[in-house]
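This report refers to the structure that appears directly beneath it.
Where a number appears in this text, it was derived from the coordinates with a stated rule and is not lab data. Predicted model, so just to flag it, every value in this text is computed and none were measured.
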Amino acid sequence: MVNLQIPPSQPIQLLEEKPGKGRNSGWPMKLVRTHGKTFVGPTLNLKYDDETKSFYVRIYDADSSSYVLQDRIELRKINRALKEDEKCRIRVIGSRVNTQTWTYDLEFSDRKSYNAFFCMLLHPT
C-alpha cells in the first residue's frame, strides 16, 4: 500500500475527465465501506458533485429507474489516502472524531475509474 498525505489547506481540483457526463453517470464501484456500513453490488456507483465538493455513494434501483443515495463523502474531510493498485482499492482517511478515525474503503470496478479518482487526490489546486 502507498500512503499519500494530502495537504489539508488546499482544495482538490476536479480533473477534466469527470466520472461521466450524464446526469446519472458515475464511477462503477465494487465496494464502499465505512464504520458500520457496507455497500456492494453491480449497480453501486460513486458520483462526484462539483457544487458540494462531495462524492455520493449511490445504488441503482431498477423498480424506480433511478439512483438511491446511500452515503456522502465530503472531499474536504479527506486528508490521507492509502492505495492498493492490484485490486483497485483506496482507503481515504480523515480526522479523528472521539475514538474513531473517519475512514472509507473504496474498491473500484475498473482501473480507469480507480486512476481518475486517485488523480483527483494527487493534484490539489
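Each distinct pair of alpha carbons in the range 36-125 adds a 1/r term; the inverse of their mean, the Kirkwood radius, is 14.2 Å. Scalar couplings 3J(HN,Hα) for the range 50-59, obtained by applying the Karplus form with A = 6.51, B = -1.76, C = 1.60 to θ = phi - 60°, are 5, 5, 8, 6, 9, 9, 10, 7, 9, 10 Hz; x denotes Gly and Pro.
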